[in-house]
Amino acid sequence: MIATLGRFSLWLAFALAIYGAFVSLLGVRRRRPSLIESGQGAVFAIFGLTTFAVLLMEAGLVGRDFSLEYVARNASIETPLFYTIIALWGALEGSILLWIWLLALMTLLTVMIDGKRQPELIPYVTAVLLCISAFFLLLVTLPANPFTTMLPAPLNGRGPNPLLQNHPLMAIHPPSLYAGYVGWSIPYAFGMAALITGRLG
């Protein structure tokens, strides 16, 4: 159930990212605020779907659902709960999932905070950020899917990377590092919007 819901939520988020980017650009070109608002609505939906996917993965980790390949490779019965929770970013697939969630959160905050401050730029900003989101969502729906299953499910997993358990601050370091990298998407999107519109002031 976790795998099915997780895959569905990520595929739907991917489709909405493409839709949102398209209608944002179409709305500003045709001067139709309803399309721009629809694109911004996609941003809210993507945040909800990626949050759901993260919670599903955490449920799989904490519940030791070893039918999920990611859980089998990064958790075990013996692993303490704290390190089981932070195993979300212990390997490639989970790290990209966290990356996408942070990008969805920052895109949502950008639309909410700057939507009225920069009405000329925000449709282009939204489109750029959703294109970036679509790329990473494509990764987790195809080559780096964290909800891949394995049958028969093993009785125990091999546990997280030992480097992830060398200090409790590993709970803070990777997410803060990812937040810094993802955060650069926001000024990039505004820069691209300024170039597209010619508003360079």
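The values are calculated or read from the model by the stated rules, or taken from the named source; none is laboratory data. Just so we're clear, the structure is a prediction, and the values are computed from it rather than from any experiment. Backbone-built Cβ (ideal geometry, glycine too); neighbour counts: all protein chains shown. Side chains included, ligands, DNA and RNA excluded: accessible areas come from the protein's heavy atoms. Shrake-Rupley method; radii C 1.70, N 1.55, O 1.52, S 1.80 Å.
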Worksheet item: Could you count how many residues in the range 167-201 are in contact with a Ser or Thr (Cβ under 9 Å, 6 or more places away or on another chain) and either loosely packed, with under 11 Cβ neighbours inside 10 Å or β-branched (Val, Ile, Thr) (or both)?
Response: 1
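Between PRO143, PRO152, which is within 22 Å of ALA17 (Cα to Cα) and exposed (fewer than 11 other Cβ atoms within 10 Å of the Cβ)?
Working: PRO152 fails: within 22 Å of ALA17 (Cα to Cα).
Step by step, each of PRO143, PRO152 is checked, and only PRO143 is within 22 Å of ALA17 (Cα to Cα) and exposed (fewer than 11 other Cβ atoms within 10 Å of the Cβ).
Looking at the range 118-130, can you tell me whether even one residue there is among the charged types (D, E, K, R) and closer than 18 Å to GLN40 by Cβ?
Just the residues of the range 118-130 that are among the charged types (D, E, K, R), to begin with: 120.
Filter once more, so that each one left must be closer than 18 Å to GLN40 by Cβ: 120.
Yes: one or more hits.
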Worksheet item: Of everything in the range 66-110 that's β-branched (Val, Ile, Thr) and open to solvent by less than 20 Å² (accessible area, probe 1.4 Å), which residue is nearest to LEU155 (Cα to Cα)?
Response: VAL71
Discussion item. Looking at the range 91-107, can you tell me whether even one residue there is touching a Lys or Arg at 6+ places or on another chain (Cβ under 9 Å), under 30 Å from LEU151 (Cα atoms) and at pLDDT below 95?
Written reply: yes
